[in-house]
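For reference, the structure discussed in these notes is given below.
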Amino acid sequence: MPQFAANLTMLFNEAPFLERFNLAGKTGFKAVEFLFPYPFSAQEIKAQLDKNQLQLVLHNLPAGDWDAGERGIACHPERVDEFRSGVSKAVEYAKTLGVGQLNCLAGKTPEGANSDVVRATFIDNLRFAASELKKANLRLLIEPINTYDIPGFYLSRTEKAIEIMDEVGADNLYLQYDIYHAQRMEGELANTIQKYLPRIAHIQLADNPGRNEPGTGEINFRYLFKHLDRIGYKGWIGCEYKPANTTEAGLTWLSEHTS
């Protein structure tokens with residue numbers, strides 16, 4: 001059966017962030033992920049991980065002003081210095097928190113920017129980030145995100161992500177495959193995961209429509225989970241969904257869709 005990590009940005013948000021670690025542990029999770037650790041000190045988060053015997057499996061590089069609607073700056077030609085400073089900050093957090101991989105959000109295509117310059121910026125920034133992360137024995141991930149939820153997001157399809165990974169040429173650069181985003185943009189989930197399995201380091205889930213827990217929408221998660229076992233996926237699956245009710249009330253899917 002796949003290994004599931006609670007996304008503490010999305011789940012248990014009935015409680016303040018630092019209290020969600022305890023709630024995740026009490027409901028049976030052995031691992032967690034979240035978008036950003038930066039509003040808190042690494043030591044505060046490490047204390048919660050240790051106290052609740054949880055493994056941190058993923059967080060993101062700094063992604064600009066999230067509250068203002070930014071969704072990453074890696075493709076922004078005018079913000080290369082800011083991006084690279086964020087890489088350094090993320091690596092320092094990762095060293096304290098014991099996480100082995102960091103996700104890089106490409107961001108929305110800057111309005112009016114030359115498409116060739118945007119692509120070159122993204123690739124150069126990924127090469128820089130991959131090199132810096134490799135020094136710390138970390139993997140770098142990139143994630144296609146659907147353009148219905150985030151109009152203008154630069155990286156939205158699996159094949160484009162693979163093309164960019166090939167051009168970057170870093171052996172520690174992998175794909176983060178989000179089932180929800182992929183279903184919205186392209187479908188063909190099982191075959192795509194199998195085709196690119198050696199390039200995938202992390203998977204996330206949510207059902208569609210609604211981005212709620214498995215069993216609330218159109219995706220056949222019972223089949224997908226068994227498929228992942230059959231093809232030998234060994235990584236974590238991050239539960240990055242919006243609970244339709246309370247988090248705990250919605251966790252019945254864990255037994256219903258994995259048995």
* Asked: Kirkwood-based Rg over Rh for region 120-259 (C-alpha set), two decimals?
  -> 0.99
* Please give the peptides 140-153, 94-107 ranked by average Cβ packing (other Cβ atoms within 10 Å per residue), highest first, as a rough proxy for protection. => 94-107, 140-153
* Structure fact -> Counting only DSSP loop positions in region 87-195, the GluC sites (Glu not before Pro) whose Cβ has at most 10 other Cβ atoms within 10 Å are E111
* Over region 205-259, give the accessible area per residue in Å² for a 1.4 Å probe, as an integer. => 46 Å²
* To do: Report, in debye and to the nearest 20, how large the dipole of region 22-164 comes out about its Cα centre when Lys and Arg carry +1 and Asp and Glu carry -1 on their Cβ.
  => 620 debye
* **4 °C / 1.567 mPa s Stokes-Einstein diffusion coefficient of region 179-259, Kirkwood radius on C-alpha pairs, µm²/s** => 100 µm²/s
* To do: Give the distance, in whole Å, between the Cα centre of region 23-95 and the Cα centre of region 134-199.
  => 19 Å
* What list of ³J(HN,Hα) values in whole Hz, one per residue of region 191-201 in order, does the Karplus curve 6.51 cos²θ - 1.76 cosθ + 1.60 (θ = phi - 60°) give from phi, with Gly and Pro shown as x? -> 5, 5, 4, 5, 4, 9, 3, x, 9, 9, 10
* For region 3-256, what is one quarter of the convex hull surface built on the Cα atoms, given in nm²? -> 12.6 nm²
* Please report the relative contact order for the chain, taking Cα pairs under 8 Å with a sequence separation of at least 6, and give it as a percent rounded to a whole number. => 19 percent
* Would you mind checking which residues have amide H under 5 Å from W236's amide H? H placed 1.01 Å from N; only 5 or more apart, or other chain. => I203
* Counting pairs of alpha carbon atoms under 8 Å apart in space and at least six apart in sequence, what relative contact order in percent does region 13-137 give? -> 25 percent
* Asked: For the chain, what % of the accessible area comes from carbon and sulfur atoms, probe 1.4 Å?
  -> 46 percent
* Placing +1 at every Lys and Arg Cβ and -1 at every Asp and Glu Cβ, with all other atoms neutral, what dipole size does the chain have around its Cα centre, in debye to the nearest 20? -> 740 debye
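The values are calculated or read from the model by the stated rules, or taken from the named source; none is laboratory data. Everything quoted here is computed from the prediction, not taken from an experiment. Cβ coordinates were reconstructed from backbone atoms using ideal geometry, including for glycine residues, and neighbour counts include every protein chain displayed. Side chains included, ligands, DNA and RNA excluded: accessible areas come from the protein's heavy atoms. Shrake-Rupley method; radii C 1.70, N 1.55, O 1.52, S 1.80 Å.
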